[in-house]
Amino acid sequence: MTLAYRLCAGLHRRVAGMRRRLFERADYCVMRGNMARDRRDWREAVRHYRRALSRRPDLDAIWIQYGHVLKENGQLADAEAAYRRAVAMAPHNADAHLQFGHLKRSLGAPDAMRHFAEALRRDASLTEARRILDANGGDPGCCDLSPLSLEERIARQYWWHSIDLGNGRVTPGRKSPRRMASEFANTFGKLGLTGRSVLDIGAWNGGFSVEAARRGAARVVALDHFTWNAPQYRGREAFDLVNEITGHGIEAVDIDLDTPQLSLSHLGQFDVVLFLGVFYHLRDPIAGLREAAALAREVLVVETLIERRLNPRPSMVFYPGTERAGDPTNWWGPNIACMLELLRLEGFPRIEVARGYGRSRRVFHAFRR
């Protein structure tokens with residue numbers, strides 16, 4: 001066997017392995033499912049979504065899409081099971097309740113109106129659900145729209161952070177209490193916050209804002225936009241609820257960090273600025289980092305996804321679609337060298353790097369001196 005043959009055979013095996021790993025990725029299966037759905041090939045869409053969910057059963061939005069294509073393919077019992085799974089996984093998701101209601105209504109199920117009412121309770125802007133309820137008389141017996149209890153208000157939200165609200169109440173976050181504790185240690189372990197001012201950029205539900213206040217920060221400002229306004233998350237509603245229950249008086253600022261010619265100078269400076277899980281979600285991450293850095297009087301803490309960890313040359317990987325974990329909001333994957341050089345450019349001579357939660361995450365503590 002010649003050397004050239006062995007090299008070609010090895011290359012063929014490597015390419016085949018890469019193709020096999022690609023085909024097995026959930027995001028690739030979702031992409032194929034979306035393409036089949038768009039051309040109304042329901043059977044093919046069912047196949048790809050099923051494959052995606054076998055690899056990532058936590059994708060509640062894909063359970064809804066799976067229900068859609070099953071319904072269009074005439075598999076109504078399977079569609080009902082898919083919608084039921086979506087509602088169980090994401091009770092905050094108004095669209096899951098709305099679509100489940102449509103299916104129940106088409107089947108003539110007597111509890112269909114309850115699902116439309118639940119969708120409306122979770123998203124008051126759903127005029128479609130309101131129209132259907134009104135057309136059916138809005139029977140209070142089946143469509144109770146009375147004010148929710150505190151427990152119900154907590155249960156109706158999408159929670160990314162597990163937050164101890166006191167009195168035994170902990171929000172059911174996608175990030176477990178154990179993970180939150182680990183991330184708090186990674187973020188705040190090197191910092192003394194007593195009497196300090198803190199800006200939490202990318203606050204979402206407010207888990208890190210609350211922790212900063214509990215660690216003695218004199219002033220905490222939370223900033224977000226995407227998760228606060230996205231209908232599938234409605235993060236501002238969850239943040240306000242946390243602020244109401246905990247009573248820390250955290251200030252809220254709604255600013256889109258991908259605004260052209262972004263400027264945050266009107267916010268003034270803060271002793272500590274948190275820029276956690278934000279950098280790689282921005283289309284223009286360098287502009288966002290520049291503005292965050294300008295507000296940091298003493299310390300900027302950056303937590304981000306990292307790619308090509310061992311590459312000594314500063315670089316970033318660009319993800320134009322859903323290539324990274326099936327998430328269209330994942331735009332960039334910088335390497336460690338890239339983040340270090342960007343932070344040095346922003347005037348931080350001393351930077352400490354620590355592992356984040358998982359091999360692909362890093363936390364950078366950048367100090368002015």
In nm, to one decimal, how far is the modelled label at Arg368 from the one at Ala155, with both set 7 Å along Cα→Cβ?
4.8
Ala185 versus Glu341: modelled label distance in nm, points set 7 Å from Cα along the beta carbon direction
3.4
Residue-span extension gain [Ala77 to Glu128] - 0.36 nm each, minus C-alpha spacing:
16.0 nm
State, to one decimal in nm, how far the label point of Ala88 lies from the label point of Ile286, with both points 7 Å from Cα in the Cβ direction.
4.9
Cα centroids of segment 57-129 and segment 202-262: how far apart, whole angstrom?
29
Of the accessible area of the chain, computed with a 1.4 Å probe and all protein chains kept, carbon and sulfur make up a percent value of 51
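Sorted by packing (mean other beta-carbon atoms within 10 Å per residue), highest first, where do 215-224, 99-108, 313-322 land?
Descending mean neighbour count gives 215-224, 99-108, 313-322.
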Can you return the aspartates and glutamates within cross-link range of Lys190? Criterion is Cα-Cα under 13 Å, with same-chain partners fewer than 8 residues away left out.
Glu298, Glu352
For the chain, what is the mean residue ellipticity at 222 nm derived from helices alone (per DSSP H run of n ≥ 4: -39500 (n - 2.57); sum divided by total residues; nearest 500 deg cm²/dmol)?
-14500 deg cm²/dmol
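May I ask you to give the solvent-accessible area per residue for the chain, in square angstrom, as obtained with a 1.4 angstrom probe?
Details: 18430 Å² over 369 residues.
Per-residue value: 50 Å².
Would you rank Lys190, Lys175 by solvent-accessible area, highest first, keeping every protein chain in place and using a 1.4 Å probe? Can you show the working numbers first?
Details: Lys190 110, Lys175 25 Å².
Descending order: Lys190, Lys175.
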Cross-link reach list, lysines versus Lys71, counting only Cα pairs under 28 Å and skipping chain neighbours closer than eight places
Lys104
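Looking only at the chain, where both bridge partners belong to it, what percent of the DSSP beta bridges are antiparallel (to the nearest 5)?
On the way: 18 of 38 bridges.
Beta bridges within the chain, antiparallel portion: roughly 45 percent.
The values are calculated or read from the model by the stated rules, or taken from the named source; none is laboratory data. Just so we're clear, the structure is a prediction, and the values are computed from it rather than from any experiment. No Cβ is skipped: glycine too gets one built from the backbone with ideal geometry, and neighbour counts run over all protein chains shown. The protein model used for the area step is the full one, side chains on, heavy atoms only, and it has no ligands, DNA or RNA in it. Shrake-Rupley method; radii C 1.70, N 1.55, O 1.52, S 1.80 Å.
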